[in-house]
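Student: Input: one structure, supplied below.
The values are calculated or read from the model by the stated rules, or taken from the named source; none is laboratory data. Everything numeric in this text was worked out from a predicted model, so none of it was measured. No Cβ is skipped: glycine too gets one built from the backbone with ideal geometry, and neighbour counts run over all protein chains shown. Heavy atoms of the whole protein, side chains included, go into the accessibility calculation; ligands, DNA and RNA do not. Shrake-Rupley method; radii C 1.70, N 1.55, O 1.52, S 1.80 Å.
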Amino acid sequence: MGSLDLSGHLSIEDVIDVARRNRHVTLSAQALERVTKARELIEKCVDARKVVYGVTTGFGKFANVVISSEDTRLLQRNLIISHATGVGDPLPLDQARAVLLLRANALAKGHSGARPELIEMLIRMLNKDVVPVIPSKGSLGASGDLAPLAHMALTVIGEGEAYYKGRRMPSSEALEKAGLKPMDLMEKEGLALINGTPVMTAIACLAMYDTQMLLKAADIAASMTLEAMNGLGSAFDLRVSAVRQHPGHAVVAENVQKITKGSRMLSAGGGDKVQDPYSLRCVPQVHGASRDAFAHIWRAVSTEMNSVTDNPLVFPDDGEVISAGNFHGQPVALVMDYLKIAVAELADISERRVEQMVNPSLSRLPAFLTEHGGLNSGMMITQYVAASLVSENKVLSHPASVDSIPTSANQEDHVSMGTIAARQAMEIVGNVRSVLAIELMCAAQALDMRGCAGMMGRGTDAAYKVVRSAVARLAEDRVMYKDLAKVTALVEDGTLVDVVESVVGEL
């Protein structure tokens, strides 16, 4: 994997490469030229003692307080120190690395007025694995992610805490170990570091990437359950999706057809088999709607991560500095609330499919998928856990973006709560991953009880084998949390999807 030349435009895959795979980053010559021009304009404003918000004035309600030229640099340091008031557990390392990258990317657009040296500092921190300790809570998502970004900026100036190669220590020590020196911030640079949406957007990027895997894993799990329940394949006829016209519907129907191709476990109908319950029959409609939502959210997040979101904005070609509101996180807040709902639905319907398998009145299999019920409880409690996670998701899915609490003496009188929405989305993604793992475990057990060897579809057979490579058939009760962790890992690291796609093609 070669270096990422930071030019001001990133893909979500680029963010994943840097955040999770430690891809090396460099600053492009074109970005350097843009940044230099913007910085020159800021310096002209300072030299002319022009009143510019956040450069020669205070912040928020103090915007009408003009700062002397002697104090403009102290102003930037004070901004960082005073705003670093975050609480809660630190962001995971991949999220914090993504924050660094997205802030550097926004500054590289050349509309922030920061020196090239500041962007290079953020890049060197990434490349040398110096990652700021950023508390996860405290952002309103309106004047940007002020509190968490201030903690990121603390490391830049040698204050606060950071991880060096995964070890937590004072930032000054981490920088020294990496061969880096703290920076003295100049005019506008403190504000350029903390005004913007990179925290909520970084979390959103990672949540989107992980959701992409869950959408595929959900189709695989549903296909296994469909076979385990001798479901009707006719509900996935592409003529049905053609008359509904939603793109996601057609993709899911085609996926299930590909995964179950060659199966002798599906029912052709007849007798008392007329229709399946909705959790089987409506998989294209439900999973497909989540896919369509995902496509919309992907576009919105991709746009935001390549936007300039600090304030004021510098337009060197026009010689103007404009104070506006690009730091407001509403575009991210709304789509993260949408993602919460769209992903949660994958678990909602998955848990109902689990119930179809463990309930003997629905599956016509031994109760809770155990051959010695009473003495053994089998898969009974896996459904409890799935139900608990689904219920928790319902609480987390309440939209954060509909709330607003005015701050800064009512100067900042409408806020987005976008970072709360993004954190909740990531929490839901983790819960959904566990529910799908439970369905995969139950489906493998049910397929065993059906005696399905040699009768499954190409994709379901591959999925069954990869699940069984991690966990054995449940012959009698055993401690299952380790089994669940192993199957969850197969979903999280992409092994399940990779194995199935190697047989049936891209899902």
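Student: Here's a check for you: in the range 63-79, which residue that is among the hydrophobic types (A, V, I, L, M, F, W, C) and under 22 Å from M152 (Cβ atoms) is modelled with the highest pLDDT?
Tutor: L79
Student: Would you say M380 is buried (at least 22 other Cβ atoms within 10 Å of the Cβ) and more than 28 Å from the chain's Cα centre (by Cα)?
Tutor: It is false that M380 is buried (at least 22 other Cβ atoms within 10 Å of the Cβ) and more than 28 Å from the chain's Cα centre (by Cα).
Student: Just to check your reading of the model, which residue among G113, G54 is buried (at least 24 other Cβ atoms within 10 Å of the Cβ) and modelled with pLDDT under 80?
Tutor: Testing whether each residue is buried (at least 24 other Cβ atoms within 10 Å of the Cβ) and modelled with pLDDT under 80 leaves just G54.
Student: Out of T26, T36, I need the residue that is assigned to a helix (DSSP H, G or I) and either open to solvent by less than 80 Å² (accessible area, probe 1.4 Å) or in contact with a Lys or Arg (Cβ under 9 Å, 6 or more places away or on another chain) (or both). Which one?
Tutor: Matching residue, one of T26, T36: T36.
Student: Kindly indicate whether G158 is among the small types (G, A, S), closer than 29 Å to T57 by Cα, open to solvent by less than 30 Å² (accessible area, probe 1.4 Å) and in a loop (DSSP other than H, G, I, E, B).
Tutor: Against the criterion (among the small types (G, A, S), closer than 29 Å to T57 by Cα, open to solvent by less than 30 Å² (accessible area, probe 1.4 Å) and in a loop (DSSP other than H, G, I, E, B)), G158 qualifies.
Student: Can we say K177 is over 19 Å from the mean Cα position of the chain (by Cα), surrounded by fewer than 22 Cβ atoms within 10 Å (Cβ to Cβ) and under 28 Å from H414 (Cβ atoms)?
Tutor: no
Student: Now for a different question. If I filter the range 128-142 for residues that are among the acidic types (D, E), over 21 Å from I12 (Cα atoms), open to solvent by 20 Å² or more (accessible area, probe 1.4 Å) and touching a residue at least 60 places away in the same chain (Cβ under 8 Å), do I get at least one hit?
Tutor: Among the residues of the range 128-142, not one is among the acidic types (D, E), over 21 Å from I12 (Cα atoms), open to solvent by 20 Å² or more (accessible area, probe 1.4 Å) and touching a residue at least 60 places away in the same chain (Cβ under 8 Å), which makes the answer no.
Student: Could you check G60 against (1) of a type outside the set (A, V, I, L, M, F, W, C); (2) open to solvent by less than 70 Å² (accessible area, probe 1.4 Å); (3) at pLDDT below 95; (4) in contact with a helix residue (DSSP H, G or I) (Cβ under 9 Å, 6 or more places away or on another chain) and say which number it fails?
Tutor: All conditions are met except number (4).
Student: Residue by residue through the range 316-366, note down the ones that are touching a Ser or Thr at 6+ places or on another chain (Cβ under 7 Å), open to solvent by less than 50 Å² (accessible area, probe 1.4 Å) and in a loop (DSSP other than H, G, I, E, B).
Tutor: Result: F327, H328, G329.
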